[in-house]
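*Asks:* Sharing a structure below in structure tokens format, with a few things to ask.
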Amino acid sequence: MKGMSERAYAVHAGLSRGAVQKAKTSGRLVLHADGSINVEASDKLRTQMTDLDQQRRSVGSGETSVSGAGDSTSYLKARTALTVYQAQERQLAIQKKKGVLVDRARAETLVFRLARQERDAWITWPNRVAAMMAADLTAELEKAGAAPVMIETAILQRVLETHVREQLAALADLKVGLGE
């Protein structure tokens, strides 16, 4: 026997015996007349005919190399970015379930509703308190010894409404920003 057996060549080349048999049938190995494998010629031929990227992948090395102009780091970066994005998405979902985060549209609706309720309460306030304030002012002036004065409820109500509306108009310019 001039060359190596399939088993010996498999050990020499770091391949399985099945891979050596497959290479033998596909013509990627040079054989002697007795059927043994010519080691030097077979190594050269196998090197020329074997795709290094595929060989590395089949061996299972951690390296990923792309033939041509591609860049293996771009795939790793994209995969890392996807993983980070998915983790952030899960974290946001957890925070939302815990009540730490709220829906922006819902929050804006609630703030608008609260502001409207406050405005309505202030607009009706002069109607509710004008009569009581007029009575209190009249009583205070009489205690102070001033001449008897009658404060008209309607006049006091109009004065209060004017000042309340001015204040509400000033507050209407206030804009609520929720992280914009």
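No value in this document is a laboratory result; all are computed from the given coordinates. What you see is a predicted model; the values in this text were computed from it and never measured. All Cβ positions, even for glycine, are placed from backbone atoms using ideal geometry, and neighbour counts span all protein chains on display.
*Asks:* Check residue 31: other-chain or 5+ apart residues with amide H under 5 Å from its amide H, H built from backbone geometry?
*Replies:* Here 38 satisfy the definition.
*Asks:* Also, quick follow-up: In the chain, with Lys and Arg counted as +1 and Asp and Glu as -1 at Cβ, which of these residues, 139, 92, 159, has the Cα nearest the positive end of the dipole, that is, farthest along it?
*Replies:* 92
*Asks:* For the chain, just say rounded, prolate or oblate: build the C-alpha gyration tensor, square-root its eigenvalues into a ≥ b ≥ c, call rounded for a/c under 1.5, and beyond that prolate if a/b exceeds b/c, oblate if not.
*Replies:* Prolate shape, in that a/c is at least 1.5 and a/b is the bigger ratio.
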